[in-house]
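Engineer: Take a look at this one; I'll ask things after.
The values are calculated or read from the model by the stated rules, or taken from the named source; none is laboratory data. All values derive from a computational prediction rather than experimental measurement. Because the Cβ atoms are built from the backbone with ideal geometry, glycine has one as well, and the counts that use them run over all protein chains shown. Calculation scope for accessible area: heavy atoms of the full protein, side chains included, ligands and nucleic acids excluded. Shrake-Rupley method; radii C 1.70, N 1.55, O 1.52, S 1.80 Å.
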Amino acid sequence: MVKHAVEANFDGLVGPTHNYAGLSWGNVASKSNVSSVSNPKEAALQGLAKMKRLADRGYVQGVLPPHERPHIPTLRALGFDGPDARVLEQAAKSSPSILAAVSSASPMWTANAATVSPSADTSDHRVHFTPANLSAKFHRSIEHVVTGRALKSIFADESYFAHHAALPSVSHFGDEGAANHTRLCAGYGEPGVELFVYGQMAFNEQAPAPKKYPARQTLEASQAVARLHGLKDQNAVFAQQNPDAIDGGVFHNDVIAVGNGNTLFYHEMAFLNEAQVLADIRERLTGAELEAVRVSSADVPLEDAVASYLFNSQLLNTPDGMLLAVPGECREVASVSRYLDGLVKSGGPITAVEVFDVKQSMRNGGGPACLRLRVVLNDDELKAINRGVLLTDELYERLTTWVEAHYRDELSQNELGDPMLLEEVRKALDELTGIMGLGSIYDFQL
């Protein structure tokens, strides 16, 4: 039986240690802004403002908490010992690169938090979550434990929600979560087609693969997640990302494609075998025809798509068609701005464009779509979640006040070893778990 359902967006709240360490090889924006001075307070407020705008428009908007950073347990596992202040001092002196990695605020990009399959698609008719192992990058590979705790705290009722452990943290099963996964459907509560996009086959060295930058997602990881979630062949399509696009800076599929409902908005260089991918989706999609909105390189060169993050936008239903929520940079790149003007006038499914300012995130390589994890919930499932994470006017005011009280206006690389920063972070997060009703999810609380 088809149930009414909504797509909730759970945005990552930017953490107090938001900084520009340039940790992500293959992410052009991340590398180009290395060592700049960041503004954690502004970053968090920009993210909250985006959430509030969407909540005010009637979208179900949730908040996912930042992680504890610097992450002292990881430093201890790497041989730094003594009191916490001593651990930080040793790391700052002998291994500043490691300290930068364990201080990253990258959990704010919750498109990488997990892969989520709605109950309409799964064999046991529960919503399934698998935290991404993010094994391609050390600074992100340490996220999945706390991500899993947070998701279990929010989606706690086992009669509605199923939680899996992250895949083995090795390159063969590199999993980047929803950044390489989208869902197409006639309606959110109806069975859909889950599109898993991978960069390479781990167990086939002869298969196509990028040459310059690493492919972070493997076919084997995507297939494993589909099995864990109990997806039938009818509900899953596996598509290889174009290796040339990865080498052009498209480190995740959500930098070159986004889907919503029966619409797939993508660049012509997104997929290795575009025609087959579209045919596979059309064969499996029931109740609606696929609307494929293809952007040519003649209209938007790949480098402009990467620079503007045109496709790292949110595609949202409205009463009058679909809204494309884009970063401000899309209006700063001439080809992209022209394309968007024509897109709205084209008579296609995308009828409106709105600009969002997430510049602090963009400078680190994450646009509006990076900042959110999509979770389709029917009415019963929505009632069953921890309501303390859903953005209301009251929660927005509390979180804004919380950020103003606890975040710094500037943060540079040489401040990451400051014991006072760790103390500030822990005090802030301890207060945050109380505000959101999350319980004890951080290592320092356990």
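Engineer: Tell me which strands (runs of 3 or more DSSP E) are completely within the range 59-167 and hold 3 or more residues being in contact (Cβ under 8 Å) with a residue 40 or more places away in the chain, within 22 Å of the chain's Cα centre (by Cα) and at negative phi, or say none if there are none.
Structural biologist: Answer list for the range 59-167: 61-64, 114-117, 127-131.
Engineer: Within the range 231-260, work out how many residues are small (Gly, Ala, Ser) and over 18 Å from GLN276 (Cβ atoms).
Structural biologist: Step one: list which residues in the range 231-260 are small (Gly, Ala, Ser), which gives 236, 239, 245, 248-249, 257, 259.
Restricting the remaining residues to those that are over 18 Å from GLN276 (Cβ atoms) gives 248-249.
Total meeting the criteria: 2.
Engineer: Say we look at the range 190-211 and pick out the residues that are open to solvent by 20 Å² or more (accessible area, probe 1.4 Å) and touching a residue at least 60 places away in the same chain (Cβ under 8 Å); which of these is farthest from SER117 (Cα to Cα)?
Structural biologist: PRO208
Every residue, every condition in (1) open to solvent by 40 Å² or more (accessible area, probe 1.4 Å); (2) at pLDDT below 95; (3) not in a strand (DSSP E or B), yes or no:
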position	(1), (2), (3)
VAL237	no, no, no
GLN240	no, no, no
ASP244	yes, no, yes
PHE251	no, yes, yes
LEU264	no, no, no
THR286	yes, no, yes
GLU289	yes, no, yes
ALA298	yes, no, yes
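Engineer: While we're here: Tell me, which residue of the range 1-17 that is over 16 Å from the mean Cα position of the chain (by Cα) and either over 30 Å from THR122 (Cβ atoms) or of a type outside the set (D, E, K, R) (or both) is modelled with the lowest pLDDT? Working first, answer last.
Structural biologist: Within the range 1-17, the first condition is being over 16 Å from the mean Cα position of the chain (by Cα), and the residues that meet it are 1-6, 16-17.
Adding the requirement that they be either over 30 Å from THR122 (Cβ atoms) or of a type outside the set (D, E, K, R) (or both) leaves 1-2, 4-6, 16-17.
Values: MET1: 76, VAL2: 86, HIS4: 97, ALA5: 98, VAL6: 98, PRO16: 97, THR17: 97.
Within the range 1-17, the match that is modelled with the lowest pLDDT is MET1.
Engineer: Can I ask one more? Which residues, counting only those in the range 392-413, are part of a helix (DSSP H, G or I), surrounded by fewer than 17 Cβ atoms within 10 Å (Cβ to Cβ) and in contact (Cβ under 8 Å) with a residue 40 or more places away in the chain?
Structural biologist: Hits for the range 392-413 are THR400, GLU404.
Engineer: Please find, within the range 359-384, the residue that is farthest from VAL306 (Cα to Cα) out of those that are in a loop (DSSP other than H, G, I, E, B) and of a type outside the set (D, E, K, R).
Structural biologist: Per the criteria, the residue is LEU371.
Engineer: Now for a different question. For the subset of the range 312-358 comprising residues that are outside any strand (DSSP E or B) and of a type in the set (A, V, I, L, M, F, W, C), which member is farthest from VAL250 (Cα to Cα)?
Structural biologist: Selected residue: VAL344.
Engineer: Now for a separate question. Return the only residue of GLU205, GLU190 being more than 22 Å from LYS3 (Cα to Cα) and out of contact with any helix residue (DSSP H, G or I) (no Cβ under 6 Å at 6 or more places or on another chain).
Structural biologist: GLU205 is the lone residue from the list that is more than 22 Å from LYS3 (Cα to Cα) and out of contact with any helix residue (DSSP H, G or I) (no Cβ under 6 Å at 6 or more places or on another chain).
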